[in-house]
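Novice: Attaching a single structure in structure tokens format; questions to follow.
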Amino acid sequence: MPSSMLAKGQNVVLPDDVSSLDVLITWADADLDLDASALLLGADDRVRGDADFVFYNQTESADASVRYLGKSTTEEGQQERLSIDLAAIPDDVTKVVIAGSSGERALGECGKLALQVQDGTG
């Protein structure tokens, strides 16, 4: 899949051969603590229950389709990673929402933030 930069609210169609994705949220400020999470939503745009919220304290959805892989340090700063197995997502889940949060600052005050979505080829 070619690299794409998306504007806020823009979508991209994934190629049919993509079966899993890694989502990385990265930031440059090493002193800042950000948290990545994923929410599995149904057709009503709501989680079906607590098991549909994946984050550092609940590292896997009930069906293991979405997993929180943790925080690490990179050359550019910090990152948190989530993994999504598209083939394992239940039929009644229509969206997987990726969110970031900080208990320290509003995200708009966190400096350079980036979100990358990678398939198996990187």
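The values are calculated or read from the model by the stated rules, or taken from the named source; none is laboratory data. None of these values were measured; they are calculated from a predicted model. Glycine also receives a Cβ, built like all others from the backbone with ideal geometry; neighbour counts cover every protein chain displayed. Protein only, heavy atoms only, side chains kept; ligands, DNA and RNA dropped before computing areas. Shrake-Rupley method; radii C 1.70, N 1.55, O 1.52, S 1.80 Å.
Novice: Among the residues of segment 71-82, which ones are more than 21 Å from SER19 (Cα to Cα) and in a strand (DSSP E or B)?
Specialist: Once the filter is applied, which keeps residues that are more than 21 Å from SER19 (Cα to Cα) and in a strand (DSSP E or B), segment 71-82 yields LYS71, SER72, THR73, THR74, GLY77, GLN78, GLN79.
Novice: Looking at THR26, THR74, which one is of a type in the set (Ser, Thr, Tyr) and either in contact with a Pro (Cβ under 6 Å, 6 or more places away or on another chain) or surrounded by fewer than 14 Cβ atoms within 10 Å (Cβ to Cβ) (or both)?
Specialist: After ruling out the rest, the residue left standing is THR74.
Novice: Filter segment 83-94 down to the residues that are assigned to a loop (DSSP other than H, G, I, E, B) and exposed (fewer than 12 other Cβ atoms within 10 Å of the Cβ) and list them by number.
Specialist: Of segment 83-94, the ones assigned to a loop (DSSP other than H, G, I, E, B) are 89-94.
Scanning segment 83-94 gives ASP91, ASP92.
Novice: Considering GLU60, GLU109, GLU80, which residue is open to solvent by less than 30 Å² (accessible area, probe 1.4 Å) and either in contact with a Lys or Arg (Cβ under 7 Å, 6 or more places away or on another chain) or without any contact (Cβ under 8 Å) to a residue 40 or more places away in the chain (or both)?
Specialist: Being open to solvent by less than 30 Å² (accessible area, probe 1.4 Å) and either in contact with a Lys or Arg (Cβ under 7 Å, 6 or more places away or on another chain) or without any contact (Cβ under 8 Å) to a residue 40 or more places away in the chain (or both) holds for just one of GLU60, GLU109, GLU80, which is GLU80.
Matching residues to (1) open to solvent by 50 Å² or more (accessible area, probe 1.4 Å); (2) in a loop (DSSP other than H, G, I, E, B); (3) touching a Phe, Trp or Tyr at 6+ places or on another chain (Cβ under 9 Å):
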{"residue": "LEU69", "(1), (2), (3)": "yes, no, no"}
{"residue": "VAL96", "(1), (2), (3)": "no, no, no"}
{"residue": "ALA114", "(1), (2), (3)": "no, no, yes"}
{"residue": "GLY120", "(1), (2), (3)": "yes, yes, no"}
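Novice: While we're looking at this one, here's another question. Looking only at residues that are among the basic types (Lys, Arg) and over 12 Å from ILE25 (Cβ atoms) in segment 43-81, which one is modelled with the lowest pLDDT? Please lay out each step first, then the result.
Specialist: Keep residues of segment 43-81 that are among the basic types (Lys, Arg), which gives 46, 48, 67, 71, 81.
Next, from what is left, pick out any that are over 12 Å from ILE25 (Cβ atoms): 46, 48, 67.
Working: ARG46: 96, ARG48: 93, ARG67: 98.
Only one residue tops the list, namely ARG48.
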